[in-house]
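A.B. asks: Below are the structure tokens for one structure; questions will follow.
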Amino acid sequence: MEVPKKLRFYLSVLMQNVYSYHRELDDLALHFLLEPTHGISIKDRCRQYAFEISDERFHELTECVLNGEYVLDPRRPYASYENRERRSSFIRALKMYGFNVEGNDQEGYEVEPKFLPDRLRETKEEVETLLDRLNLNEIQGSLNIAEEQYIKGEFAKSFGIVGKL
């Protein structure tokens, strides 16, 4: 799943409101093996890290930012109402762009992409089982052909097959 640039930008905005010190960003860089740049502003480092992290690890960085040890400290300046609202808005954006987000401010958050390859395989198996139980094997055959066409890059043929179902 490719993470949209808009969502990466939103993460950088949240990071700018969470991290106040380069030391905190150094810890983040070490944990995620990001480029430990110095001589640039915290804002630029946050933007760099949000765009540098791979699609596969984006949800991990997001979870770390949402649950960082600095986030729940009420003495920190971003423990304000406005920053809680930013976090809530970011969580809504994550959900809109295909991430499952569970948890809350007190207990922490878990962030997972909805469409991990294993989950796609499981869903396909569930659908095949359901169609088999309902004796709708013809539909499953058409779906298999459409999938093959799609994988080959023959999108029009793939959608044409699905459209006939």
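Where a number appears in this text, it was derived from the coordinates with a stated rule and is not lab data. Small disclaimer: the values here were computed from a predicted structure and weren't measured. Cβ sites come from the backbone with ideal geometry, for glycine too, and all protein chains shown count toward neighbours.
A.B. asks: Quick check: residue separation of SER88 and ILE139 times 0.36 nm, minus the Cα distance between them. What number comes out in nm?
C.D. replies: This chain segment gains 14.2 nm when fully extended.
A.B. asks: With each pseudo-label sitting 7 Å past Cα toward Cβ, what's the GLU107-ASN67 distance in nm, one decimal?
C.D. replies: Simple spin-label model gives 1.2 nm for this pair.
A.B. asks: Checking the a/c ratio against 1.5 first, then a/b against b/c, what shape does the Cα gyration tensor give for the stretch 21-71?
C.D. replies: Oblate is the answer for the stretch 21-71, as a/c is 1.5 or above yet b/c matches or exceeds a/b.
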